[in-house]
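The values are calculated or read from the model by the stated rules, or taken from the named source; none is laboratory data. Note that the coordinates shown come from a computational prediction; the quantities given were computed from them, not determined experimentally. With ideal geometry, Cβ positions are generated from the backbone for all residues, glycine too; neighbour counts draw on all protein chains shown. Note: areas computed on protein heavy atoms with side chains; ligands, DNA, RNA excluded. Shrake-Rupley method; radii C 1.70, N 1.55, O 1.52, S 1.80 Å.
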Amino acid sequence: MTKNTAASPAAAAEPRWLRGGELTAWMSMARVLSRLLPALERELERDADLNWMEYHVLAMLSEQERHTNRMSVLAERANSSLSRLSHVVRRLEHQGFVRREPDPDDGRYTLAILTPEGYGKLVASAPAHVEAVRRMVLDPLDPGELESLVPVFDRIYAAVDEADRGR
């Protein structure tokens with residue numbers, strides 16, 4: 001019996017290891033990713049008694065016509081599963097900030113609707129959140145640095161989006 005010496009395709013390709021500036025840039029980005037959202041969420045919970053996802057659901061609904069959106073569309077915009085979004089909206093419903101209704105145009109869908117109380121909560125919560133975003137993200141940057149980040153983040157987002165579609 002002979003041993004099969006042909007390597008599998010995965011084993012044949014040498015990993016594209018991160019080197020030098022690539023590793024430095026990735027580690028810097030990883031530090032930011034691991035700390036920024038938790039820091040912003042702590043501030044939201046302290047200042048507004050809302051978590052990150054709850055705040056963003058309220059904000060996304062506030063931007064829609066009639067403060068209304070289909071749950072499925074809202075889940076996509078929030079980069080969330082419909083199941084996770086349903087849990088978030090249920091918590092917001094219990095607080096009186098959102099209500100759900102069948103979509104009158106197509107009963108197969110459910111609408112999430114921002115209530116006046118929910119809009120008031122968002123308006124009251126936004127100043128502290130915006131100040132935290134300014135303090136942690138915007139203020140440390142020069143205007144030119146800030147402008148240069150937009151296309152960089154857009155390209156990274158597009159690559160992540162493409163990878164997600166391919167799974």
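Calculate the FRET efficiency for GLU93 and TRP17 from the Cβ-Cβ distance with a Förster distance of 30 Å, rounded to the nearest 0.05.
0.05
To the nearest 10 degrees, how steeply does helix 116-133 sit against the main Cα axis of the chain, on a 0 to 90 scale?
40 degrees
What whole-number value in Å² describes the accessible area per residue of the chain for a 1.4 Å probe? List each step's numbers first, then the result.
On the way: 12020 Å² over 167 residues.
About 72 Å² of surface per residue is accessible.
Let me know the charge dipole size of the chain about its Cα centre in debye, to the nearest 20, where only the beta-carbon of Lys, Arg (+1) and Asp, Glu (-1) is charged.
Details: 22 positive and 26 negative charges, 149 e Å.
For this selection, approximately 720 debye.
Give the angle, between 0 and 90 degrees and rounded to the nearest 10, that separates the Cα long axis of helix 52-62 from the longest principal axis of the Cα atoms of the chain.
Once rounded, the angle reads 60 degrees.
Summing Lys, Arg as +1 and Asp, Glu as -1, what charge do residues with Cβ under 9 Å from the Cβ of GLU93 carry, GLU93 excluded? Provide the component values of the computation, followed by the final result.
Numbers: positive: ARG90, ARG91, ARG99, ARG100; negative: none.
Counting the neighbours of GLU93, the net charge comes to +4.
Rounding to the nearest 10 and keeping the result within 0 to 90°, find how far the Cα-based axis of helix 20-48 lies from the longest principal axis of the chain.
The angle comes out near 20 degrees.
What is the local net charge at ALA159, summed over the other residues whose Cβ is closer than 15 Å to its Cβ (Lys, Arg +1; Asp, Glu -1)?
-1
Subtract the Cα-Cα distance of GLU162 and GLU45 from 0.36 nm times their separation in residues, and report this length gain in nm to one decimal. Write down the numbers at each step before the final one.
Numbers: separation 117, 0.36 × 117 = 42.12 nm, distance 3.24 nm.
Computed gain between GLU162 and GLU45 is 38.9 nm.
Between [x] 16.9; [y] 16.4; [z] 19.3, which matches Kirkwood radius over Cα pairs in Å calculated for the structure shown?
[z]
Stretched out fully, how many nm does the piece from VAL150 to ARG77 gain, at 0.36 nm a residue minus the Cα gap?
Residue separation times 0.36 nm, minus the Cα-Cα distance, leaves 24.4 nm.
Can you give the net charge of the other residues whose Cβ lies under 12 Å from the Cβ of LEU44, counting K and R as +1 and D and E as -1?
-4
Run lengths n ≥ 4 of DSSP H only: what is the helix-derived mean residue ellipticity at 222 nm for the chain, with -39500 (n - 2.57) per run over all residues, to the nearest 500? Each step should come with its number before you reach the end.
On the way: 7 runs with 105 residues, N = 167.
Taken over the chain, the calculation gives -20500 deg cm²/dmol.
Between THR110 and ALA59, how high is the FRET efficiency from 1/(1 + (r/R0)^6) when r is the Cβ-Cβ distance and R₀ = 22 Å? Nearest 0.05.
Approximately 0.65, to the nearest 0.05.
Whenever you get a sec, compute what percent of the accessible area on the chain sits on carbon and sulfur atoms (1.4 Å probe).
Exposed carbon and sulfur together represent 56 percent of the surface.
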